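Reviewing the structure listed below.
Each value in this text was obtained by applying a stated rule to the coordinates, not by laboratory testing. If you're wondering where the values come from, they're calculated on a predicted model, not measured in any experiment. Neighbour counts run over all protein chains shown; Cβ positions are idealised from the backbone, glycine included.
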Amino acid sequence: MDKHSPAATAVISVNYKNAPVTLRCLEALLQLDGAPGTIVIVNNGSEENAPFLQKNWSELAKRYHRTPPIVCHENDPFPVKGDVLLLLKTNGGFSAGNNAALRRLYFTRNECGLFWLLNNDAFPQSDALTALCERAKPHGEHQAGIIGSTLVYAADPSRTQCAGGGTVSPHTGVTRFAAGGKALAAVMRMNSLDVEKNLDYINGASLLIRREVLDAIGFLPDEYFLYFEDVDMCTAAKRAGFKLGWAKQSVVLHMEGASHGDGGGIRGKTPAKPRIIEYYSTRNRLWFIKKFYPKNLPIALAGVLYSLGLKLCRRHWGNLGIIIQAARDAMRGKMRDFHAE
């Protein structure tokens with residue numbers, strides 16, 4: 001089997017209390033031109049969703065002539081073949097959910113050469129996986145270890161969320177999407193290698209990993225709970241010598257934050273950040289700088305103080321306390337689950 005083909009690809013998507021959206025993602029996967037070898041849906045501490053997911057997935061599988069999923073609890077032996085509905089008792093966050101599947105697939109499915117992490121609120125077009133796999137094939141000096149898709153807004157598919165991923169400041173940890181907000185038609189005319197040269201990370205909503213990357217750096221960092229896992233992993237991969245790639249023709253519609261209330265619209269046109277997002281984005285950004293660029297931590301902290309000052313000037317009182325708490329937790333290494341408070 002070609003290790004860089006859809007048949008050698010395992011797709012992982014995490015569900016957290018949003019089964020209807022997850023089933024829409026699943027149906028998009030079943031409609032792909034190149035069928036993935038394995039699909040794993042991780043039910044991340046959402047016990048009430050499990051029967052609904054199993055029933056409807058089985059019906060979809062019959063409709064698309066695919067074997068129904070095997071239900072696997074977290075302490076069960078992982079099946080050596082077939083699609084899997086993996087039931088976890090608790091919600092350990094984005095990384096924990098993906099890693100639960102990644103580890104099992106890595107050690108039990110030697111035929112899997114590629115692992116596609118796909119958000120449950122992301123809906124790939126029919127040739128999206130084929131394009132990712134094509135970019136994952138050997139390309140000489142341009143061989144990529146982690147590859148991203150062209151993400152477009154589900155609310156407006158003519159506008160691009162990002163071309164593969166984006167950049168991250170080593171001083172403040174602030175991230176910027178590549179080609180964010182640009183017309184899709186214009187993005188499709190961009191030179192892929194020019195975009196790739198500037199990528200610091202691949203957006204975790206659609207992130208394809210070659211097995212060799214896992215061999216070298218292991219699985220997703222699990223301390224973040226939500227946000228920045230993709231930035232951390234890609235930074236570690238680049239430091240290990242791997243390049244990042246953009247599969248331009250792999251177009252994926254993204255609702256952006258369906259599981260935690262973060263919009264689904266276009267950036268700049270959504271309401272102020274909910275407290276949970278303000279907390280994780282601030283804390284995890286500081287933790288990332290502390291982990292990879294510790295000498296720049298004073299600059300990153302100054303950036304947080306500047307942000308607080310702007311909010312005071314604009315009389316945006318709502319999230320001041322949560323930002324301070326996030327910064328304090330990052331400095332103490334208290335990488336807690338915000339929901340647990």
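All Cα-Cα separations within the chain were binned at 10 Å from zero, giving a P(r) of 6, 26, 36, 24, 8, 1, 0, each value a whole percent of the pairs. The helix-based estimate of mean residue ellipticity at 222 nm for the chain, built from -39,500 (n - 2.57) per DSSP H run of four or more residues and divided by its residue count, is -11500 deg cm²/dmol to the nearest 500.
What you get for the chain, charging only the Cβ of Lys and Arg (+1) and of Asp and Glu (-1), is a dipole of about 960 debye around the Cα centre. The angle between the Cα long axis of helix 275-292 and the main principal axis of the chain comes to about 90°, on a 0 to 90 degree scale.
Per-peptide packing, taken as the mean over residues of other Cβ atoms within 10 Å, places 126-137, 238-249, 181-192 in the sequence 126-137, 238-249, 181-192 from highest down. Less than 5 angstrom separates the built amide H of Asp83 from those of Ile39, Ile70, all sequence-distant by 5 or more or on a different chain. So in the chain, what percent of DSSP beta bridges are antiparallel if you round to the nearest 5? Among the beta bridges of the chain, antiparallel pairing accounts for roughly 45 percent. Sorting Asp232, Asp200 by the number of Cβ atoms found within 10 Å of their own Cβ, with the fewest placed first, yields Asp200, Asp232. With everything on Cα atoms, drop me the angle between helix 297-313 and the longest principal axis of the chain, reported from 0 to 90° to the nearest 10. Its long axis makes an angle of about 70 degrees. Of Lys291/Lys334; Lys3/Lys182; Lys3/Lys238; Lys3/Lys55; Lys248/Lys291; Lys3/Lys291, which sit over 24 Å apart, Cα to Cα? Listed pairs above 24 Å: Lys3/Lys182; Lys3/Lys55; Lys248/Lys291; Lys3/Lys291. Sorted from longest to shortest, the spans of the Cα atoms of region 275-340 along the three principal axes equal 33, 30, 15 Å.
Shape index of region 61-123: Rg/Rh, with Rg the Cα radius of gyration and Rh the Kirkwood radius from the inverse mean 1/r over Cα pairs, equals 0.95.
Measure nothing fancy, just the Cα-based angle from helix 94-108's long axis to the longest principal axis of the chain, in degrees from 0 to 90, nearest 10. Tilt relative to the chain: about 40 degrees. Of the residues Val152, Val174, the one with the fewest other Cβ atoms within 10 Å heads the list, and the complete ranking is Val174, Val152.
Between the residues Ile324, Val71, Gln31, the greatest Cα displacement towards the positive end of the dipole of the chain, with unit charges on the Cβ of Lys, Arg, Asp and Glu, is found for Ile324. Straight-line reach only, C-alpha to C-alpha below 18 angstrom: list the aspartates and glutamates that Lys311 could link to, leaving out same-chain residues fewer than 8 apart. Here the aspartates and glutamates satisfying the reach criterion relative to Lys311 are Glu278.
When the chain is described by a simple charge dipole with +1 on each Lys and Arg Cβ and -1 on each Asp and Glu Cβ, the residue from Ile12, Gly303, Val213 located farthest towards its positive end is Gly303.
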